[in-house]
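For reference, the structure discussed in these notes is given below.
The values are calculated or read from the model by the stated rules, or taken from the named source; none is laboratory data. All figures in this text were calculated on a predicted structure; none of them were measured in a lab. Reconstructed Cβ throughout: ideal geometry from the backbone, glycine too, with neighbour counts over all protein chains shown.
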Amino acid sequence: MQQWHLFLAFFRVGMLGYGGGPSSIPLVHKEVVEKYKWMDDDEFADILALGNSLPGPIATKMAGYIGHRVAGITGMLNAVLATIVPTIAIMIFLLTFLSTFREKAWVQGMTQAVVPVVGVMLAVLTYDFFRKAQGKLGWLLTIALTIVSYLLIEMVGVHPGIVIGCLLLYALLKPTPTGKDGKHEKAESRKEPST
């Protein structure tokens, strides 16, 4: 049953992920986190960040990793094939069909109408990630990281993988508090016991 669920989840992603990898991310999230609960939001965000920093299409990387995590090697193959084979078949069929009618207005309208829907899906996922980051990092650090990331990626032209890699490296190397509450624990230990 697990293999069947994996196939269905990534088949839906492959069939409905119009616009390439980024548009499939909200669909993967819906299937993996919300529907089948194979992982939580934090794990999904970690996989997405790491997957974006590695070469290759994000949809197949995520399908491969999640499939392997859920059902081993066969799960990985199942999820990757469910993601790519149906779309390859449909692409061959649709490109043959659409190339015949590509000058028609309804064909151009159909392909353009998908763009706003993909934009909304990405905006909703971005808002969810931003809200979760704010909950863990606070508003100031979340906004600062957002602005710095935007400037580096869009204005300077740094590859997103390099920005993500630097943030991951910082998270691994930053000093951590020694106690449960860090500074708060030390401050409380200096207080005189009240009588």
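Answer with yes or no whether Gly182 is farther than 28 Å from Ile25 by Cβ and modelled with pLDDT under 80. Walk me through how you get there before you give the answer.
On the way: farther than 28 Å from Ile25 by Cβ: yes; modelled with pLDDT under 80: yes.
When the stated conditions are applied, Gly182 passes them.
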Within segment 109-118, of all residues that are surrounded by 11 or more Cβ atoms within 10 Å (Cβ to Cβ) and more than 21 Å from the chain's Cα centre (by Cα), the one modelled with the lowest pLDDT is Thr111
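One line per residue, one yes/no per condition, for (1) touching a Pro at 6+ places or on another chain (Cβ under 9 Å); (2) on the phi < 0 side of the Ramachandran plot; (3) part of a loop (DSSP other than H, G, I, E, B); (4) modelled with pLDDT of 90 or more:
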position	(1), (2), (3), (4)
Ala9	no, yes, no, yes
Gly14	yes, yes, no, no
Tyr18	no, yes, yes, no
Pro22	no, yes, no, no
Glu31	no, yes, no, yes
Trp38	no, yes, yes, yes
Ala45	no, yes, no, no
Pro55	no, yes, yes, no
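Would you mention how many residues in segment 1-15 are aliphatic (A, V, I, L, M) and surrounded by 16 or more Cβ atoms within 10 Å (Cβ to Cβ)? Walk me through how you get there before you give the answer.
Going residue by residue through segment 1-15, those that are aliphatic (A, V, I, L, M) are 1, 6, 8-9, 13, 15.
With the extra rule that they be surrounded by 16 or more Cβ atoms within 10 Å (Cβ to Cβ), the set shrinks to 6, 9, 13.
Qualifying residue count for the region: 3.
Looking at segment 119-131, can you tell me whether even one residue there is basic (Lys, Arg), part of a helix (DSSP H, G or I) and exposed (fewer than 12 other Cβ atoms within 10 Å of the Cβ)? Talk me through it step by step, then tell me what you get.
Quick first cut of segment 119-131, residues basic (Lys, Arg) only: 131.
Subsequent filtering for residues that are part of a helix (DSSP H, G or I) retains 131.
So of that shortlist, the ones also exposed (fewer than 12 other Cβ atoms within 10 Å of the Cβ) come out as 131.
Within segment 119-131 (the criterion being basic (Lys, Arg), part of a helix (DSSP H, G or I) and exposed (fewer than 12 other Cβ atoms within 10 Å of the Cβ)), the answer is yes, since at least one residue qualifies.
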Can we say Trp106 is of a type outside the set (Lys, Arg), free of Cβ contacts under 8 Å to residues at least 60 places away in the same chain and exposed (fewer than 15 other Cβ atoms within 10 Å of the Cβ)?
-> yes
Here the residues within segment 20-78 that are more than 26 Å from Val117 (Cα to Cα), in contact with a Phe, Trp or Tyr (Cβ under 6 Å, 6 or more places away or on another chain) and not β-branched (Val, Ile, Thr) are Asn78
Inside segment 145-164, can you point out the residues that are in contact with a Leu (Cβ under 9 Å, 6 or more places away or on another chain), assigned to a helix (DSSP H, G or I) and hydrophobic (A, V, I, L, M, F, W, C)?
-> Leu145, Ile162, Val163, Ile164
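Here is a list: Ile153, Ile143, Ile164, Ile147. Which entry is within 18 Å of the chain's Cα centre (by Cα) and at pLDDT 85 or above?
On the way: Ile143 fails: within 18 Å of the chain's Cα centre (by Cα); Ile164 fails: at pLDDT 85 or above; Ile147 fails: within 18 Å of the chain's Cα centre (by Cα).
Answer to the selection: Ile153.
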Taking the stated definitions as given, is Val33 surrounded by fewer than 19 Cβ atoms within 10 Å (Cβ to Cβ), under 19 Å from Lys132 (Cβ atoms) and β-branched (Val, Ile, Thr)?
-> yes
